[in-house]
């Protein structure tokens with residue numbers, strides 16, 4: 001009985017949860033196994049796949065970043081369209097209050113010191129609308145009813161702009177229309193140089 005007691009006392013004092021040398025893996029690397037004499041790195045196929053993916057991303061993304069000028073021109077035209085709509089409301093209100101330019105005959109209406117040709121209560125032509133909206137420095141009347149940027153490309157194509165159709169009878173409202181082959185609001189595709 002004394003022998004059994006001695007054996008129990010030996011186990012009681014020992015730490016049963018202490019790791020032994022056999023519990024831990026030997027060597028420096030725990031995760032990926034390496035063979036002796038071989039280096040870690042990327043394989044040729046992995047490198048080629050990365051190059052192909054980067055090439056595809058650059059083919060899709062780079063043209064979008066380089067064509068910011070078309071986005072800027074489209075935003076500028078759309079802002080001009082908003083200014084033109086506001087100017088229409090102001091000119092119409094002033095014409096109604098003063099009784100000038102409400103008929104079929106063009107009359108000059110003075111708005112903030114600037115004379116504007118008005119007919120049926122609205123600007124009679126695109127240039128009058130440009131002057132009323134304060135856009136005559138940046139935009140130009142292209143043809144009989146168009147409004148485009150004052151730069152050689154947009155004046156040549158006329159697609160990066162909009163059309164102003166003044167009323168032809170009393171009670172008719174003026175209209176804004178897209179150029180043939182473009183849209184309203186103007187998009188970057190309408191203003192691209194291709």
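The values are calculated or read from the model by the stated rules, or taken from the named source; none is laboratory data. In this text, all values refer to a predicted model and were calculated from it rather than measured experimentally. With ideal geometry, Cβ positions are generated from the backbone for all residues, glycine too; neighbour counts draw on all protein chains shown.
Of the residues making up the stretch 135-156, those that are at pLDDT below 65 and not in a loop (DSSP other than H, G, I, E, B) are 142, 152, 153, 154, 155, 156. In the stretch 70-119, the residue that is farthest from the chain's Cα centre (by Cα) out of those that are under 17 Å from residue 187 (Cα atoms) and free of Cβ contacts under 8 Å to residues at least 24 places away in the same chain is 82.
Go through 137, 89, 95, 124 for me and flag whichever is closer than 19 Å to residue 171 by Cβ and exposed (fewer than 13 other Cβ atoms within 10 Å of the Cβ).
Values: 137 fails: closer than 19 Å to residue 171 by Cβ; 95 fails: exposed (fewer than 13 other Cβ atoms within 10 Å of the Cβ); 124 fails: exposed (fewer than 13 other Cβ atoms within 10 Å of the Cβ).
On inspection, the qualifying residue turns out to be 89.
Can you tell me which residue in the stretch 61-75 is surrounded by the fewest Cβ atoms within 10 Å (Cβ to Cβ), limited to those that are out of contact with any strand residue (DSSP E or B) (no Cβ under 7 Å at 6 or more places or on another chain) and within 23 Å of residue 178 (Cα to Cα)? Break it down into steps so the answer makes sense when it comes.
The initial filter retains those residues of the stretch 61-75 that are out of contact with any strand residue (DSSP E or B) (no Cβ under 7 Å at 6 or more places or on another chain), namely 61-72, 74-75.
Checking the rest, the ones that are also within 23 Å of residue 178 (Cα to Cα) come to 67-72, 74-75.
Details: 67: 16, 68: 10, 69: 13, 70: 19, 71: 14, 72: 12, 74: 21, 75: 14.
For the stretch 61-75, the residue satisfying everything is 68.
In the stretch 108-121, what residues are surrounded by fewer than 16 Cβ atoms within 10 Å (Cβ to Cβ) and at pLDDT 90 or above?
108, 110, 115
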